[in-house]
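Colleague: Take a look at the following structure, please.
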Amino acid sequence: MTTKLFAISALLPLSAHAAKFAISARPFGEVDNTKTELYTLSNESGAKVSITNYGGTVTSIVVPDKEGKMGDVVLGFDTVAEYVEKSPYFGCITGRYANRIAKGKFSIDGKEYTVATNNDPNHLHGGLKGFDKRVWKANLGNDGDNPTLTLTYTSPDGEEGYPGTLKNTVTYTWTQDNSLRIDYRSTTDKPTVLNLTNHSYFNLAGEGSKTVLDHSLQVNAKHYTPIDSTSIPTGISPVSGTPFDFSKSTRIGERIDQEDDQLKNGKGYDHNFVLKKEDDGKLMTAAMVTEPTSGRFLIVKTTEPGIQFYSGNFLDGPAGKGGKIYPHRSAMCLEAQTFPDSPNQKEFPSAVLRPGEAYTQTTIYQLGVSN
Ligand code: BGC
């Protein structure tokens, strides 16, 4: 196995100071007769993120705890074969339509489209072979002091039943302050629907730690979208007076097992929150998570109108990295996106992309420790 290591100082004029970051790449195995690679972007402090071009999947994020001890805070696998075989969307780029489309049907301009009902009776995360299962083209680079990985994938017209040739670029930037910035850009040659997100499963105490029920969460939302028993939104409701009120930082486990129809429908938290938009399309803080033993925090900023909070309710103990077991609710996802089932719900922000327009979104996962 070969490992390529680039120190950026070698690429800069000598006047530029010591290396601020490093990028390495190694083979990660073959999928569909195509080679995949695993890229590791490290900053000056040694904190690092690893991403494979299989599904644009973030496989690890290694950051310090309050004692300065490095630990990996996302769930994942050691080999690409395990991602292919059994990944519940760990760390991937999810699309074309992240989250659900009711009964796998939607219309654009009066024309009806049918997509796979892979989450009976609904469509989930782009279908049978969504963006998480595609091998993306990769380009390494930097944005000043920060290493970048730019991934591209052109989804042909009709792929998974969606109209339009969709050209996608996703750039991951790992910054000096331990933020993973994700910039998405897509264009189409026919009207289509689109909802991209990243599906990282976080456990700030370190992957393989027990549940996330002792993590505390704050969400910048006064409303959420309640769901029916098949997880399709039924409208928009205030969070006030419900277990969905995270306007103040609250322990995730505090209300998760309450007798509540919505928690029952989601088997816990598996709901989209309506972010307060002071200024549409501008980057805003959507959520903050803190974990008491490690002292780590996660801040999520996004340009998107919604964020899905999923409390790992369907995790059932797969063996992950280093053989560690990932039990029920041992991680949480905060998936910045537009609302689930938007193509069928007129009062939700539109998920339609037309020729000549560009879909853009930015989400930042900022990791740190509280003093
Ligand atoms: C969905 C869950 C689903 C999970 C893994 C989340 O985005 O909301 O219902 O189980 O992804 O597929």
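No lab work stands behind these numbers, since they all come straight from the coordinates. Treat the numbers as computed from the prediction; the structure is a model and nothing was measured. Here the Cβ is made from the backbone with ideal geometry for all residues, glycine too, and neighbour counts use every protein chain on show.
Colleague: Starting from residues that are within 15 Å of the ligand (Cβ to nearest atom) and of a type in the set (Asp, Glu), keep the ones in the range 288-316 and report whichever is farthest from ASP270 (Cα to Cα).
Modeller: Checked the range 288-316; the qualifying residue farthest from ASP270 (Cα to Cα) is GLU304.
Colleague: So which residues in the range 328-348 are surrounded by 15 or more Cβ atoms within 10 Å (Cβ to Cβ), assigned to a loop (DSSP other than H, G, I, E, B) and not polar (S, T, N, Q), if there are any at all?
Modeller: Across the range 328-348, the qualifying residues are HIS328, ARG329, ALA331, PHE339, PRO340, ASP341, PHE348.
Colleague: Also, quick follow-up: So, in the range 109-123, exactly how many residues are in contact (Cβ under 8 Å) with a residue 60 or more places away in the chain and either at positive phi or among the charged types (D, E, K, R) (or both)?
Modeller: 1
Colleague: Additional query: Within the group ASP157, ASP183, ASP143, which residue is free of Cβ contacts under 8 Å to residues at least 60 places away in the same chain and touching a strand residue (DSSP E or B) at 6+ places or on another chain (Cβ under 8 Å)?
Modeller: Only one candidate passes the filter, namely ASP143.
Colleague: Still on this structure: How about the range 248-297: which of its residues are among the polar types (S, T, N, Q) and in contact with a Ser or Thr (Cβ under 8 Å, 6 or more places away or on another chain)?
Modeller: Residues satisfying the conditions are SER249, THR250, GLN262, ASN265, ASN272, THR290.
Colleague: Here is a follow-up. So ALA319 passes all but one of these: (1) within 16 Å of the ligand (Cβ to nearest atom); (2) closer than 15 Å to LEU75 by Cβ; (3) surrounded by fewer than 17 Cβ atoms within 10 Å (Cβ to Cβ). Which condition number does it fail?
Modeller: It fails just one condition, (1).
For (1) assigned to a loop (DSSP other than H, G, I, E, B); (2) in contact (Cβ under 8 Å) with a residue 40 or more places away in the chain; (3) away from the ligand (no atom under 16 Å from the Cβ); (4) among the basic types (Lys, Arg), each residue gets a yes or a no:
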| site | (1), (2), (3), (4) |
| --- | --- |
| LYS190 | yes, yes, yes, yes |
| SER200 | yes, yes, no, no |
| ALA205 | yes, yes, yes, no |
| LEU213 | yes, yes, yes, no |
| GLN218 | no, yes, yes, no |
| TYR224 | no, yes, no, no |
| THR230 | yes, yes, no, no |
| GLY235 | yes, yes, yes, no |
| GLY241 | yes, no, yes, no |
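Colleague: Does GLY266 satisfy being free of Cβ contacts under 8 Å to residues at least 60 places away in the same chain, buried (at least 18 other Cβ atoms within 10 Å of the Cβ) and either within 23 Å of the chain's Cα centre (by Cα) or closer than 29 Å to TYR184 by Cβ (or both)?
Modeller: So GLY266 fits the description; yes.
Colleague: Please verify whether the range 167-174 includes one or more residues that are closer than 24 Å to PHE297 by Cα, out of contact with any Cys (no Cβ under 6 Å at 6 or more places or on another chain) and among the aliphatic types (A, V, I, L, M).
Modeller: Within the range 167-174, none of the residues are closer than 24 Å to PHE297 by Cα, out of contact with any Cys (no Cβ under 6 Å at 6 or more places or on another chain) and among the aliphatic types (A, V, I, L, M).
Colleague: Then there's this: Name the single residue, out of those in the range 96-118 being within 29 Å of PHE28 (Cα to Cα) and within 13 Å of the ligand (Cβ to nearest atom), that is surrounded by the most Cβ atoms within 10 Å (Cβ to Cβ).
Modeller: In this case the residue turns out to be TYR97.
Colleague: Is it the case that some residue within the range 29-38 is away from the ligand (no atom under 16 Å from the Cβ) and in a loop (DSSP other than H, G, I, E, B)?
Modeller: Yes, there is a match, as at least one residue in the range 29-38 is away from the ligand (no atom under 16 Å from the Cβ) and in a loop (DSSP other than H, G, I, E, B).
Colleague: Can you work out which of the residues in the range 204-219 that are of a type outside the set (Ser, Thr, Tyr) and out of contact with any Phe, Trp or Tyr (no Cβ under 8 Å at 6 or more places or on another chain) is farthest from GLU304 (Cα to Cα)?
Modeller: LYS210
Colleague: Could you count how many residues in the range 57-81 are within 16 Å of the ligand (Cβ to nearest atom) and either more than 18 Å from TYR153 (Cα to Cα) or in contact with a helix residue (DSSP H, G or I) (Cβ under 9 Å, 6 or more places away or on another chain) (or both)?
Modeller: 5
Colleague: List the number of the failed condition for LYS167; all other conditions in (1) surrounded by fewer than 16 Cβ atoms within 10 Å (Cβ to Cβ); (2) over 17 Å from TYR359 (Cβ atoms) hold.
Modeller: (2)
Colleague: Of all residues in the range 81-98, how many are of a type in the set (Val, Ile, Thr) and either under 30 Å from VAL352 (Cβ atoms) or over 18 Å from the mean Cα position of the chain (by Cα) (or both)?
Modeller: 2
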